[in-house]
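To keep things clear, I will list the structure first and then write my remarks on it.
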Amino acid sequence: MAKIAICGYGTVGSGVAEVIAENSDSIARNAAEEVSIKYILDLREFPGDPFENCIIHAAMSFASPPPGFFSFFFFSCFGGFSGGV
């Protein structure tokens, strides 16, 4: 089983999580293994969110894959722009 970690849960990170969840069957067929979201790193809390149980606040929680994981994927979704145009 492939476990996925998403770093950042704003517009992009939540979109990545949604796409993975909605397309998990198709992704599993193409990857030849099941996929699931294990961690979502963000500073904020997300009460009532479908992925609320995946939210963590310490990056060390996924610095190395937990034992027994065949695959571990990491998506970095931090971003933002605060410059003037």
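None of the figures in this text is laboratory data; all of them are computed from the coordinates on show. The model shown is predicted, which means the values in this text are computed figures rather than measured ones. FYI the Cβ positions are ideal-geometry reconstructions off the backbone, even for glycines, and counts take in every protein chain you see.
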Residues with amide H under 5 Å from that of residue 34, placed H, sequence gap 5 or more: 2
Show the residues, 5+ positions off or on another chain, whose built amide H is closer than 5 Å to the amide H of residue 6. 39, 40, 41, 75
Net +/- balance of residues flanking residue 6 in space, Cβ distance below 10 Å, scoring K and R +1, D and E -1: 0
Could you derive backbone 3J(HN,Hα) for the stretch 27-35 from the dihedral phi with the Karplus parameters 6.51, -1.76 and 1.60 (θ = phi - 60°), listing whole Hz in sequence and x where the residue is Gly or Pro? 4, 4, 4, 6, 8, 6, 7, 5, 10
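Could you put 19, 35 in order, starting from the residue whose Cβ has the fewest other Cβ atoms within 10 Å?
Arranged by neighbour count, lowest to highest, 19, 35 become 19, 35.
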